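*Asks:* Okay, here's the structure, questions in a sec.
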Amino acid sequence: MKKYVNFKNIAIVALVIWILLQWFNPGGVMPGGRTIRIDGKKYEVIKHTIDTVEVEKVKVVTKKGKDIVHEVIDVDTLVLKELVNVDSAAILKDYLAKIVYKDTLVLDGGLGTIALTDTITKNRILGRTWDAKVKERVIKEELIVKEPAKNQVYYGLNAGFNKEDYVSAIGAGVILKTKKDKIYQLGIGVNNRTTDGTNGAFSPYVGFGTYWKIKVKK
């Protein structure tokens, strides 16, 4: 068994593991979604929704005829001569009658309608009313972003225990987690080894490690 445990084989296994990590998780991070920049900083978009809400606004305005701008045009005298023999009672009846004109204007894009009502008598507009029902479109936009990643540093202590040595190792270390979710570890300490069952010796060590985030499907 010992002939397989040598530096060459360990290096080969480590290289294969590194290649697999890079193959299944290139770059060491999961591919991100859409990002935007706010004040020069890049943020990952978690949620972005745009809703259009239509609110109908109703307004009714009534004007008196005298307040409506109008212009009087002179009557053609030839027309008056033709009306000399016309039934004056019929003309008077038509003159005094109240005539109501109604019309509805439809705005483009389904924005609403405007209803017009004019009341005319004695050749004058007695009054005008317009009833507007217009849809006001309110756009509500919600944008939720993820706080940009930062480098994080951790420090702490570590120790090892076994039956023979009780405390087999003790040390301290520093861990750096980068913005791309890569982890680098540096540790120092001492190993405790019992040589004859009673006496022991301490041997210092320095350790280093690096880790990549594995993409796991939910």
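The values are calculated or read from the model by the stated rules, or taken from the named source; none is laboratory data. This is a predicted model, so every value here is computed, not measured. Because the Cβ atoms are built from the backbone with ideal geometry, glycine has one as well, and the counts that use them run over all protein chains shown.
*Asks:* Considering each of Val55, Val5, Val69 in turn, give the residue that is of a type in the set (Val, Ile, Thr), over 28 Å from Tyr184 (Cβ atoms) and either more than 51 Å from the chain's Cα centre (by Cα) or modelled with pLDDT of 75 or more (or both).
*Replies:* Val55
*Asks:* For the subset of the range 140-154 comprising residues that are closer than 30 Å to Ala172 by Cα and loosely packed, with under 10 Cβ neighbours inside 10 Å, which member is modelled with the highest pLDDT?
*Replies:* Filtering first and then ranking leaves Val153.
Per-residue answers, yes or no, for (1) modelled with pLDDT of 80 or more; (2) assigned to a strand (DSSP E or B); (3) in contact with an Asp or Glu (Cβ under 6 Å, 6 or more places away or on another chain); (4) surrounded by 13 or more Cβ atoms within 10 Å (Cβ to Cβ):
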residue: Val79; (1), (2), (3), (4): no, no, no, no
residue: Asn85; (1), (2), (3), (4): no, no, no, no
residue: Lys93; (1), (2), (3), (4): no, no, no, no
residue: Asp103; (1), (2), (3), (4): yes, yes, no, no
residue: Thr113; (1), (2), (3), (4): yes, yes, no, yes
residue: Gly127; (1), (2), (3), (4): yes, yes, no, yes
residue: Val138; (1), (2), (3), (4): yes, yes, no, no
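*Asks:* Tell me, which residue of the range 164-183 that is surrounded by 14 or more Cβ atoms within 10 Å (Cβ to Cβ) and of a type outside the set (A, V, I, L, M) is nearest to Phe202 (Cα to Cα)?
*Replies:* Ser168
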